[in-house]
């Protein structure tokens with residue numbers, strides 16, 4: 001780890017969404033931070049004007065590194081920075097690329113959840129959910145189960161925990177606890193992964209302490 005982080009602020013809405021892996025990385029590593037949860041209502045435009053948003057959107061990470069003020073945007077960029085800072089990236093370039101590919105693979109899937117979250121009609125919501133599970137979630141889970149089996153260490157990349165593992169755990173936690181999607185018994189590696197990572201005391205402490213939000 002190079003340098004010391006201080007005055008850390010995570011700016012995002014009061015949901016897990018694109019900021020939760022950032023929060024996990026900070027909480028897991030014992031980093032004190034301000035969790036600035038912005039209301040997503042008619043007060044948002046006024047609040048937005050007061051925030052520094054390089055891309056006009058959240059999440060952002062504000063911090064000081066060795067006394068120099070910085071601000072980062074784009075969730076995966078923030079995660080890679082924090083993962084590097086806290087030693088949760090492989091040392092080799094190929095390993096880093098593999099971590100990123102697995103994180104971006106999760107993004108590809110979660111983009112398909114947007115219609116479900118926006119739909120208000122209960123019947124239509126159920127139809128969207130059925131297609132989402134069969135056409136997107138199930139193939140994803142099979143694929144990531146195979147990735148874990150291929151690596152053979154219980155982690156997605158290398159022989160130790162990386163940000164890719166935390167991102168995958170958070171996704172699995174979300175679909176199991178908020179969307180009531182169960183892991184099929186055939187997904188042996190994913191099931192073992194979810195149980196083992198979830199029993200990490202540092203991660204468990206953060207998960208148990210975080211606010212309970214819709215998603």
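Could you check, for segment 152-170, whether at least one of its residues is exposed (fewer than 13 other Cβ atoms within 10 Å of the Cβ), on the phi > 0 side of the Ramachandran plot, without any contact (Cβ under 8 Å) to a residue 60 or more places away in the chain and not assigned by TED's automatic domain parsing to the domain that holds residue 18? Yes; the residues of segment 152-170 include at least one that is exposed (fewer than 13 other Cβ atoms within 10 Å of the Cβ), on the phi > 0 side of the Ramachandran plot, without any contact (Cβ under 8 Å) to a residue 60 or more places away in the chain and not assigned by TED's automatic domain parsing to the domain that holds residue 18. Determine whether residue 101 is modelled with pLDDT of 95 or more and outside the structural domain of residue 161 (by TED's automatic domain parsing). So residue 101 fails the test. Given the structure, is residue 187 in contact with a helix residue (DSSP H, G or I) (Cβ under 8 Å, 6 or more places away or on another chain), under 22 Å from residue 27 (Cα atoms) and not assigned by TED's automatic domain parsing to the domain that holds residue 28? No; evaluated as a whole, the condition is false for this residue. Meeting the requirement of 1 or more residues that are surrounded by fewer than 18 Cβ atoms within 10 Å (Cβ to Cβ) and within 18 Å of the chain's Cα centre (by Cα), the strands (runs of 3 or more DSSP E) wholly within segment 17-97 are 34-38, 68-73.
The values are calculated or read from the model by the stated rules, or taken from the named source; none is laboratory data. Everything numeric here is computed off the predicted structure, so don't read it as measured data. Note that we place each Cβ from the backbone using ideal geometry, even for glycine, and neighbour counts take in every protein chain shown.
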